[in-house]
Amino acid sequence: MRPKEHPYCYPGTDVYRNKEDVRDKDQLEKLERRITTIKLETLPHDLPITPAGYCEIHRYMFCDLYDWAGEYRRVNTGRTGPFCKAEYIAVEMEKRFAAIGAENNLRDLSPEQFAARAAEHLNELNAIHPFLDGNGRVQRAFLEILAIQAGHLVDLARVDARAWNEASIADYHRQDHTLLSQVIAGALV
């Protein structure tokens with residue numbers, strides 16, 4: 001029996017359908033990294049701290065490559081554990097952003113408090129994993145926007161992507177936010 005085709009991929013591959021019609025996974029990843037790095041430099045910082053604003057970050061960063069940029073994934077996924085089921089993403093995003101809003105979007109916090117609270121919210125956004133791809137990059141971009149709007153500065157160049165990913169994975173499994181909080185605190189200017 002043939003495995004079920006992935007609705008986002010070219011038939012018979014694990015390569016996402018893309019606007020450039022790149023069919024090699026490594027080439028697509030390099031192109032994606034190049035494009036999103038440039039987009040991150042020009043990302044507007046006045047986006048609302050809402051699910052729609054979060055989706056706009058993804059759309060802005062990935063719209064040159066994917067038709068599904070800025071849209072919640074429609075398939076279930078999980079690399080290091082199960083992420084939120086696709087049918088619950090919208091509800092969970094609303095809950096998470098209501099929690100952020102209830103904390104005044106993390107305004108009026110010391111840098112240490114901001115890092116701790118941001119880490120919890122970002123770990124929870126990671127567990128929701130609303131997009132098919134690019135969740136980590138969107139989380140880091142969102143952190144920058146959240147920090148600026150809360151009166152802090154984050155230097156994303158000081159955030160090692162590998163350390164971020166390792167902290168996210170460890171915190172996910174431990175149900176703790178300490179490691180990501182330390183990564184964020186180290187990036188605050």
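Read-outs: derived from the displayed coordinates by stated rules, not from any lab. Given the structure is predicted, the values throughout are model-derived calculations rather than measurements. Counting neighbours? That spans all protein chains shown, and the Cβs are built from the backbone with ideal geometry, glycine included.
Add -39500 (n - 2.57) for each DSSP H run of 4 or more in the chain, then divide by its residues: what number comes out at 222 nm, to the nearest 500 deg cm²/dmol? Before the final figure, lay out each step's value.
Numbers: 7 runs with 101 residues, N = 189.
Result for the chain, helices only: -17500 deg cm²/dmol.
Sites listed here are trypsin sites (Lys or Arg not before Pro) in the stretch 29-126 whose DSSP assignment is loop and whose Cβ has at most 13 other Cβ atoms within 10 Å: 74, 79, 85, 107. Cβ crowding within 10 Å ranks 50, 178 as 178, 50, fewest other Cβ atoms first. Size estimate for the stretch 95-151 follows the Kirkwood approach: the inverse of mean 1/r over distinct Cα pairs works out to 11.6 Å. Converting phi to 3J(HN,Hα) with the Karplus coefficients 6.51, -1.76 and 1.60 and the offset θ = phi - 60°, the stretch 39-48 yields 4, 4, 5, 10, 5, x, 9, 9, 5, x Hz in sequence order, with x at every glycine or proline. Take residue 189, project a point 7 Å from its Cα along the Cβ direction, then tell me which residues of the stretch 5-47 have their backbone nitrogen under 20 Å from it. Within reach of a label on residue 189, which here means backbone N under 20 Å from a point 7 Å along Cα→Cβ, the stretch 5-47 contributes 37-47. Across the stretch 25-187, the relative contact order, built from alpha-carbon pairs under 8 Å that are at least six residues apart, equals 22 percent. So if I average 1/r over every pair of distinct C-alpha atoms in the stretch 43-117 and take the inverse, what Kirkwood radius in Å does that give? For the stretch 43-117, inverting the mean 1/r across all distinct Cα pairs yields 14.2 Å.
As a proxy for reagent exposure, 15, 91 were ordered by neighbouring Cβ count within 10 angstrom, fewest first; the result is 91, 15. Only Lys, Arg, Asp and Glu carry charge here, each on its Cβ (+1 for the first two, -1 for the last two); on that basis the stretch 25-187 has a dipole of about 320 debye about its Cα centre. Placing dummy labels 7 Å off each Cα toward the beta-carbon, the span from residue 45 to residue 23 is 4.4 nm. Excluding same-chain neighbours fewer than eight residues apart, the lysines reachable from residue 95 by a Cα-Cα span under 26 Å are 85.
In whole angstrom, the stretch 1-100 maps to an equivalent ellipsoid with semi-axes of 25, 21, 10, each derived as √(5λ) from the alpha carbon gyration tensor and ordered largest first. The Rg/Rh ratio of the stretch 118-189, with both radii computed over alpha carbons and Rh defined as the Kirkwood radius, is 0.93. Report, in whole Å, the centroid distance computed from the Cα atoms of the stretch 113-189 and the stretch 48-105. Each part reduced to its Cα centre gives a spacing of 14 Å.
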